[in-house]
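Just below is one structure, and these are the notes that go with it.
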Amino acid sequence: MIWAQYPNIALYFMDGRTLLREGGDPRSAATGGFGKNFKCKDGRWLKVGLRDWHESCRMLGVESLEKDPMFEDPKKRQANSQELTEILEKTLASKTREEWVERFRTQTEGLTYELVNRIIDLPDDPQVVANNYIVDYDHPGLGPIKMLKFPFNMSKTPGVPNRRPAQNLVSIIRRSCRSSAIVWKR
């Protein structure tokens with residue numbers, strides 16, 4: 001999946017910028033309050049999914065919701081998902097992402113979670129590092145930069161970054177984005 005973001009990642013490694021759609025919000029349209037991305041106190045994001053309602057309430061420190069008539073069963077949580085989402089957003093915004101992750105690591109029964117990373121996080125992501133997805137490359141126009149490694153390995157023909165990115169790619173993309181809803185964000 002990292003290769004699906006190749007243009008955005010390549011731009012970040014070359015220029016330190018990313019392309020974001022204006023007004024974009026990394027929260028999904030899932031209902032029932034869970035299965036969404038939530039912004040934490042430090043501005044970082046977590047995707048949180050429900051496995052067990054009672055345990056999830058306990059893990060998030062919102063035990064009062066457990067017996068609340070508005071949320072007592074899946075149908076009611078679905079019908080009141082806007083209110084539940086607002087409560088969960090406020091709750092998850094009360095701690096940093098790392099504080100939540102530490103809490104979730106020790107109590108894995110009630111919910112599922114996943115880090116929602118930024119491109120800047122990729123070089124330090126444990127899976128990216130373990131799979132050597134990002135490699136150093138000496139770009140002819142930019143000097144040393146990082147690049148995505150070829151997306152799969154072949155035994156007799158190893159994939160290496162020998163493809164040369166356009167030296168003026170950043171200016172080309174900036175010109176093409178001027179009239180669209182895409183904005184540069186550093």
| query | From the set of residues in segment 71-96 that are part of a helix (DSSP H, G or I) and in contact with a Phe, Trp or Tyr (Cβ under 7 Å, 6 or more places away or on another chain), which is nearest to GLN127 (Cα to Cα)? | reply | LEU92
| Residue check: is LYS90 assigned by TED's automatic domain parsing to the domain that holds ARG58, basic (Lys, Arg) and on the phi < 0 side of the Ramachandran plot? | yes
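Determine, yes or no, whether SER94 is of a type in the set (Gly, Ala, Ser) and modelled with pLDDT under 75.
When the stated conditions are applied, SER94 does not pass them.
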| Looking at LEU50, LEU65, which one is within 20 Å of GLN107 (Cβ to Cβ), assigned by TED's automatic domain parsing to the domain that holds GLU102, out of contact with any Pro (no Cβ under 6 Å at 6 or more places or on another chain) and modelled with pLDDT under 90? | LEU50
| query | Can you tell me which residues in segment 112-134 are over 22 Å from GLU102 (Cα atoms) and either in a helix (DSSP H, G or I) or in contact with a Leu (Cβ under 8 Å, 6 or more places away or on another chain) (or both)? | reply | ILE119, TYR133, ILE134
| remark: Conditions (1) under 16 Å from GLY35 (Cβ atoms); (2) modelled with pLDDT of 90 or more; (3) not in a loop (DSSP other than H, G, I, E, B) -> ARG103 fails only (1)
| message | Six or more apart or on different chains, Cβ atoms under 8 Å: show the pairs whose first residue is in segment 93-118 and assigned by TED's automatic domain parsing to the domain that holds ASP42 and whose second is at pLDDT below 85 and among the aromatic types (Phe, Trp, Tyr). | response | LEU111/PHE34
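The values are calculated or read from the model by the stated rules, or taken from the named source; none is laboratory data. If you're wondering where the values come from, they're calculated on a predicted model, not measured in any experiment. Every residue, glycine among them, receives a Cβ derived from its backbone with ideal geometry; neighbour counts consider all protein chains shown.
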